[in-house]
Each structure stands twice: as C-alpha cells, then as structure tokens.
Amino acid sequence: DREDFEISAQMWPTLLRKDITFFEEVLPKLEKALFESGRFERLEDLLEELHEKHEKYAMVPVSLAALYMKKGAVSKSISILEEERKSSKGNRAVSIKLASVYLAAGREKEARQVLEEVELTARGRSGSICGVCGAVSPYPLNYCPSCSQFNTFKD
C-alpha cells in the first residue's frame, strides 16, 4: 500500500517460497514490485525455482510459459507446457495455455487437438485418440480422418 517496491520485491518471493497457495493472488503484485524496483529479470529465476520446488502446482509453469512467450521464447514455452501436461493429466489451465501457445506459433492442428481433448474431458468422456497423428474423437473409430490410417484409435 505504501508502494515500497524494494521491500515488496523481497517479501513476495519469501511468502511464495513458504506458501505457494498464495501464488495466483501474489503474482501480479510481485510482477509490479519487480518491475518498479528495476528487478523484473529476477522473475524468471523465481518462477523456475518455484516450479522446481512445487512440481504439483500447475499455475507456476503456466506463468513461466507466459513469461517465455512475452520474451519470444516460444519453443521453451511449448516445452514447459507439454512436459507439464504429461505430468498433470487433465489440468485445464495447462492445456488451454498450451493451445494458445500452439496458436501463437502457427501450430493450429496441435492447438485444435489439445482443445478437443479439453472439451472431451469437460463432457466427462475420455474419447479415443489416434496413435499415429494424435487426432481426437469422442467415439471409437476404425479409420482416422486426419491421417487416413486404419485401426489406430485407442481409448
């Protein structure tokens, strides 16, 4: 409230290291404090540290990927989100962010596949996925319309 950004830039990371559950509330304040204090470059290191320490908390890698997107490191952003998506099956925030990064990278097909999987999950259906191209179908199919292969869909 006093806009003492130097102190805030030190205190917010300390809080997050002790209790990650405040992450979503604290992150905008932390970003502002780091920016105003001229230490914004520390955000990447802190997010990397928090990601390593709190592997199960999906919003940290989502935020880290967003930071890399702002920096133009699209492939690094995709790598983080793909890895997180494998380890935290079904996390919508990770999947949606990955789809948006795919779109930004011009990878529309992958974005569509991720969003179709999110939709299936939201409907409570698992659907089937083509083992060759990754196409998603809410129904089991014998033929994949995307890659023209037979008997490739798995539940």
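State whether one or more residues within segment 104-115 are open to solvent by less than 30 Å² (accessible area, probe 1.4 Å), within 14 Å of the chain's Cα centre (by Cα) and not aromatic (Phe, Trp, Tyr). Checked segment 104-115: at least one residue is open to solvent by less than 30 Å² (accessible area, probe 1.4 Å), within 14 Å of the chain's Cα centre (by Cα) and not aromatic (Phe, Trp, Tyr). Scanning for something more than 30 Å from residue 138 (Cα to Cα) and over 16 Å from the mean Cα position of the chain (by Cα), does segment 73-80 turn up at least one residue? No, because not a single residue in segment 73-80 is more than 30 Å from residue 138 (Cα to Cα) and over 16 Å from the mean Cα position of the chain (by Cα). With (1) closer than 24 Å to residue 31 by Cβ; (2) surrounded by 15 or more Cβ atoms within 10 Å (Cβ to Cβ); (3) out of contact with any helix residue (DSSP H, G or I) (no Cβ under 7 Å at 6 or more places or on another chain) as the list, and residue 61 as the residue in question, which single condition is left unmet? It fails just one condition, (3).
Go through the residues of segment 78-87 one by one and say whether even a single one is assigned to a loop (DSSP other than H, G, I, E, B), open to solvent by 30 Å² or more (accessible area, probe 1.4 Å), in contact with a Pro (Cβ under 9 Å, 6 or more places away or on another chain) and not β-branched (Val, Ile, Thr).
no
Looking only at segment 9-22, residues that are surrounded by 19 or more Cβ atoms within 10 Å (Cβ to Cβ) and β-branched (Val, Ile, Thr) come to 0 in all. Each residue in segment 28-41 was checked for being among the charged types (D, E, K, R) and open to solvent by less than 60 Å² (accessible area, probe 1.4 Å), and 2 pass. Selection of first residues in segment 34-56 that are part of a loop (DSSP other than H, G, I, E, B) and of second residues that are among the β-branched types (Val, Ile, Thr), restricted to Cβ pairs under 7 Å at least 6 apart or on distinct chains, gives the following pairs, ordered by first then second residue: 54/20; 54/60. Among the candidates 44, 25, 6, the residue that is modelled with pLDDT of 90 or more, open to solvent by 30 Å² or more (accessible area, probe 1.4 Å) and over 13 Å from residue 64 (Cβ atoms) is uniquely 25. So is residue 20 closer than 21 Å to residue 96 by Cβ and among the aliphatic types (A, V, I, L, M) or not? So residue 20 fits the description; yes.
The values are calculated or read from the model by the stated rules, or taken from the named source; none is laboratory data. Since we're looking at a predicted model, the values are computed, not measured. Neighbour counts run over all protein chains shown; Cβ positions are idealised from the backbone, glycine included. What goes into the accessible areas is simple: the full protein's heavy atoms, side chains included, and nothing from ligands, DNA or RNA. Shrake-Rupley method; radii C 1.70, N 1.55, O 1.52, S 1.80 Å.
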